[in-house]
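The values are calculated or read from the model by the stated rules, or taken from the named source; none is laboratory data. In this text the structure is predicted, and so the values were computed from the model without any measurement. Methodologically, a virtual Cβ is constructed for each residue, glycine included, from the backbone with ideal geometry; neighbour enumeration extends over all protein chains shown.
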Amino acid sequence: MANIKSQIKRNKQNVVARERNRAVKSELRTRTKNAVAAVGTEDEATALRVAVKRIDMAAAKGVIHKNQAANKKSGLMKRLNALREG
């Protein structure tokens with residue numbers, strides 16, 4: 001355990017940031033699953049829009065890198081298009 005005041009504070013900040021990042025990443029996975037599950041239903045466009053928005057927000061907040069956000073969106077679109085065709 002740290003005994004330097006600034007490191008104690010930094011450790012507390014890291015815990016808060018880690019919990020927030022875990023929540024955001026979990027929501028990304030949930031929104032992606034919802035978008036995939038909504039293929040062929042009337043709320044398909046809404047689910048896709050929300051998933052893409054959450055990915056962009058995570059990248060803007062620095063939870064994920066902007067290139068990873070682009071890769072996630074690209075992969076999601078490929079997956080949805082494959083499901084629509086098949």
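Candidates Leu80, Leu28: the one that is more than 30 Å from Val16 (Cβ to Cβ), hydrophobic (A, V, I, L, M, F, W, C) and surrounded by 13 or more Cβ atoms within 10 Å (Cβ to Cβ) is Leu80. Exactly one residue out of Val24, Val39 is of a type outside the set (Ser, Thr, Tyr), out of contact with any strand residue (DSSP E or B) (no Cβ under 9 Å at 6 or more places or on another chain) and assigned to a helix (DSSP H, G or I): that is Val24.
Regarding Asn3, is this residue farther than 22 Å from Gly62 by Cα and exposed (fewer than 10 other Cβ atoms within 10 Å of the Cβ)? Judged against the criteria, Asn3 is a match.
The residues listed here are Val15, Val52; of these, the one that is at pLDDT 95 or above, among the β-branched types (Val, Ile, Thr) and loosely packed, with under 12 Cβ neighbours inside 10 Å is Val15.
For region 58-77, name all the residues that are in contact (Cβ under 8 Å) with a residue 12 or more places away in the chain and surrounded by 12 or more Cβ atoms within 10 Å (Cβ to Cβ).
Ala58, Val63, Ile64, Ala69, Lys72, Lys73, Leu76
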